[in-house]
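Before any comments, here is the structure.
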Amino acid sequence: MATLALAAAGAAVGGAVLPTGVTLLGATISGATIGSQLGAIAGSVVDQALLGGAGKTKHIEGPRLSELHITASTEGAPVPRVYGRVRLGGQVIWATQFEEEVVTSSSGGGGKGIGTAAPASTSTEYRYYANFAVALCEGEISGLGRVWADGIEIDRAQITHRVYLGGETQEADSLIVAREGAENAPAYRGTAYVVFERLALAAFGNRLPQLSFEVYRAVEAFGEAIRAVVLIPGSGEFAYSPTPVTQLVGLAGQVPENVHTRQGGSDWSVSIDQLEATLPNARNVSLVVSWFGTDLRAGECELKPGVENRDKITNPVSWKVAGQTRATAYMVSQREGRAAYGGTPSDQCVVDAIRDLKERGIGVTLNPFILMDVAENNELPSPYGGASQPAYPWRGRITVHPAAGQPESPDKTTAAAAQIAAFVGTAAPDDFTLVGDEVVYSGPDEWSFRRMVLHHAYLAKAAGGVDAFLLSSELRGLTWVRDSASTYPFVAALIALAADVKVVLPEAKIVYAADWSEYFGHQPADGSGDVYFHLDPLWSSSSIDAIGIDVYWPLADWRDGREHLDYLAGVRAIYELPYLTGNLRGGKASTGTTLPPRIARARSARRSPTAPARRGCSATRI
């Protein structure tokens, strides 16, 4: 084909360059003829190189190594000792001969060209793999983070490798045992190292790359003292999925939804691996799962699962929560051109996350959470006065409209109870069923507090149960509402809801997480000086297993150096338990002000292990 093409091109060029032709031996030869012959000769050379001629096979031999150039292993090199987080190179301590893989492929042949049979072509490709071990540092380390090859981070999920933390009881690597024999395979106890198995070398110029590793080692015992953690963000459509999820972009492109590291696996898997490495005794996780509140007015507020946008196509998991798909779900508001929040975690991801934690031996506290999606420049009347509600407020601001203390507030009337009832809803445990892992709802058409909480209780049941379950947290603006002088309808609703959740999850500990100011009691801002321990009926309920308090104030006023008051008083470390417990008993509110004596006395009585439990249907007043 090149012969014909270049002959035609040569004729055109020759005719243009030699329009009058050339006279040889009395004969005139046109420029087009000369160009055509020269083009045909060049085309023939090309055809022979590409096709090998009619009926012949052309063999192409790929590059082949004569030897493998590997990273040097220095005899007598010191073994580093790591504190905290360090990036280091390491030393090759074991390697095999490189593995060569010969791949032969063929193409063409058997077909018909123009007048001749199309020739066949074969090629031989050589691929190389390395097995080796790299010593990192003195063990025992907490874990391994990122890995770089020739300065570029590599995806650990795409390579076969094993990490040994350097314990004194670690066993020899299986690959080393297979190659060297059990009697000759060292376990390198006391040394942290990494074994790479059949690392493909083509991307590194058929040589071992220069490797460096991010190594973690805890430097204090504080991490070992932590027993439980809260897992956030609580939003993100696939943030909790152990399975990597991708989003389809364009006709065939894909971008990761929940893989933002190259440490191997989804963000969830990497995070929980790091949790186990750095906090080995944290054996319970509070898993926060958010739905969105739409209004601070209790009678108007709906609680809905939401998505970030409607056009996203994901694989292998599609978003679905409480029977809602991406096309039908509530869409969270936009802020500066982006979703103000990540979407609600997909139901299947929540179930998978609970199962993954339990398989690791980590207990689960499921925490249904309310994020207020009240956008900027809204026109919603504020319960606290003003033409609009504040943007993205705290859930503890949900209350009756107008709020207590505002003109014409329904507080302490039956109208307040009606607004609370609208927020709570009437969804019941019998309105939910499980079909596999999916929670199916058939109750009243409402996006209520009860529907949100019971839906999560059934998610926990689908996952095989949880250790503890939160009814919710920090709903101070609701628990402080009264429908008479001293009765609190939302507290009564929490008591009834706790009993229903207990039916669904009989083995779980049921808790409500009160804000510290809410646990502190209700002190109406009406000048009366009254103090009601309005949550006492909830705490004394047989369906409540513990008193929960959300507290964010500091446990210490510690300063650097040795001249501050705490050090001068004899405290030598911020982590001393008597020092911290003494601060808890210091009688200080979060603002640093001393509590009124009668309130301080009441709090002390409540903490006393010998104080009798108070039961009843109304709040206690002092």
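The values are calculated or read from the model by the stated rules, or taken from the named source; none is laboratory data. These numbers come from a predicted model, not from an experiment. Neighbour counts are summed over all protein chains in view; Cβ atoms, including those assigned to glycine, are modelled from backbone coordinates with ideal geometry. Only protein heavy atoms, including side chains, enter the accessible area calculation; ligands, DNA and RNA are left aside. Shrake-Rupley method; radii C 1.70, N 1.55, O 1.52, S 1.80 Å.
Annotations for the structure displayed:
- Euclidean distance of C-alpha centroids, the stretch 485-540 and the stretch 148-220, integer Å: 54
- Computed across the stretch 204-274, the Kirkwood radius stands at 15.6 Å (inverse of mean 1/r, all Cα pairs).
- Annotation: per residue accessible area for the stretch 126-194 equals 45 Å², rounded to a whole number [probe 1.4 Å, protein chains only].
- Considering the stretch 246-285, its Cα convex hull presents a mean projected area of 3.4 nm².
- Estimated at 0.36 nm per residue, the fully extended path between A157 and T122 surpasses their Cα-Cα distance by 9.2 nm.
- Value of relative contact order over the stretch 228-342, rounded to a whole percent, pairs C-alpha under 8 Å and six or more apart: 27
- The packing ranking of peptides 296-308, 499-511, highest mean first, is 296-308, 499-511, where packing means the average number of other beta carbon atoms within 10 angstrom of each residue.
- Estimated FRET transfer efficiency when R0 is 56 angstrom, pair N184-S442 (beta carbons, to 0.05): 0.25
- Base-10 log of normalised Debye intensity for the stretch 175-239 (one unit scatterer per alpha-carbon) at q = 0.22, 0.25 Å⁻¹: -1.05, -1.16
- Surface exposure of the stretch 348-463, expressed per residue as accessible area with a 1.4 Å probe, stands at 40 Å².
- All C-alpha pair distances within the stretch 313-466, sorted into 10 Å bins from zero, spread as 9, 29, 33, 21, 7, 0 percent across the bins.
- Mean separation of Cα contacts under 8 Å, 6 or more apart, over the residue count of the stretch 318-372: relative contact order %: 27
- Carbon and sulfur %, accessible surface of the stretch 375-533 computed with the full protein complex present, 1.4 Å: 53
- Working ranking of peptides 316-326, 562-572, 189-199, 167-177 by packing, defined as the average number of other Cβ atoms within 10 Å per residue, highest first, is 189-199, 316-326, 167-177, 562-572.
- Based on alpha-carbon atoms, the Kirkwood radius and the radius of gyration of the stretch 480-556 give Rg/Rh equal to 1.03.
- Divided by 2.2 N^0.38 Å, where N counts the residues, the Cα radius of gyration of the stretch 348-430 comes to 1.57.
- In units of the compact-protein estimate 2.2 N^0.38 Å, the stretch 228-351 shows a Cα radius of gyration of 1.15.
- Extension reserve of the W394-L434 stretch, reckoned as 0.36 nm per residue once the Cα distance is removed: 11.1 nm
- Contour excess over end-to-end distance, with Cα ends at E336 and V229 and 0.36 nm allotted per residue: 35.3 nm
- Mean separation of Cα contacts under 8 Å, 6 or more apart, over the residue count of the stretch 479-557: relative contact order %: 35
- Listed peptides 329-337, 99-107 by packing density, highest first (mean Cβ within 10 Å): 329-337, 99-107
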